[in-house]
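The values are calculated or read from the model by the stated rules, or taken from the named source; none is laboratory data. Computed from a predicted model, the values in this text were never measured in an experiment. Every residue, glycine among them, receives a Cβ derived from its backbone with ideal geometry; neighbour counts consider all protein chains shown.
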Amino acid sequence: MREISGLYHRRGWRVDVGEDADADEVLVASIHEAMHDRLQMTTIYGCTIALLQERAVRDDNPDGLNETLAMQRNCTRVHEEFATWMSTVPAGWGSEQLHEAFPLYVRHLRRAQLRTVGLGDYLAMHACQGLARACMQPAGLAELLGQIDAATLTVGMLDHSMRPDVRLVRLERALRARGWGALGDWTGDAVDLSPERFAEENDPDWAELSQVATTGAGVCSRPQDARPCPTTGTSTPSAHCAPRSRSGRHQTIRHRR
């Protein structure tokens with residue numbers, strides 16, 4: 001029996017639906033890969049990797065591809081915890097269902113959930129997204145790219161403030177100390193993730209809450225922080241993203257049971 005699995009690559013994603021294309025596991029796997037694409041292609045760190053991958057493939061440069069693999073490894077936690085939360089909780093899954101279908105991803109869900117305890121699913125969605133984007137939008141990388149030819153960038157040129165998984169650790173520490181601020185105090189009426197709620201029109205609170213979440217996630221950039229990791233351009237994209245190509249090769253992220 002073929003297992004359900006997903007594969008994210010530099011030009012989109014692919015999902016092996018196994019024996020039942022209508023299974024809930026297929027939906028979760030599909031959303032998971034789409035979330036990888038969303039995070040990768042709307043942040044400076046992800047877009048930089050994509051650019052370097054395209055150039056390395058065009059030039060048939062294996063060393064260049066190895067550099068992009070090294071860069072991708074530096075955002076593994078950020079990517080997997082974001083994609084796992086965003087694909088499971090909105091689908092009504094918890095740790096038990098995820099363990100039955102994709103047990104390797106339970107740890108990613110639990111880590112993401114620990115950061116959003118007490119927010120409720122709707123606000124936690126914004127928190128999860130704001131945190132991931134803050135990690136993938138290092139201001140230092142933007143400054144560095146403004147000073148060099150992007151084609152010459154190597155992972156060795158990235159200090160800790162430019163590495164998403166290091167930024168995640170620092171942001172987690174800051175959030176434990178300070179909480180989510182205004183996001184936790186939100187008094188709007190959007191409290192759940194039910195599709196029916198937004199079936200007729202877009203979420204009117206989306207833009208404002210996204211900004212609040214991103215600001216909350218960026219607490220480590222405040223002056224009183226001894227080790228800042230400022231972000232750049234952290235506004236969150238629209239809830240509705242255009243689909244991308246499903247074909248491609250190189251720089252893959254495989255997801256299996």
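On the stretch given as the range 81-106, residues that are farther than 21 Å from ASP37 by Cα and of a type in the set (D, E, K, R) total 2.
The one condition from (1) more than 30 Å from THR152 (Cα to Cα); (2) within 11 Å of the chain's Cα centre (by Cα) that TYR105 does not meet is (2).
Does any residue of the range 56-67 turn out to be in a helix (DSSP H, G or I), under 19 Å from the mean Cα position of the chain (by Cα) and modelled with pLDDT of 90 or more? No, every residue in the range 56-67 fails to be in a helix (DSSP H, G or I), under 19 Å from the mean Cα position of the chain (by Cα) and modelled with pLDDT of 90 or more. Residues in the range 132-191 that are in contact (Cβ under 8 Å) with a residue 60 or more places away in the chain and among the polar types (S, T, N, Q): GLN137, THR154, SER161. Close contacts from the range 207-218, counting a first residue that is surrounded by fewer than 18 Cβ atoms within 10 Å (Cβ to Cβ) and a second that is of a type outside the set (Lys, Arg) and not in a helix (DSSP H, G or I), with Cβ to Cβ under 7 Å and a gap of 6+ residues or different chains, come to GLN211/SER235.
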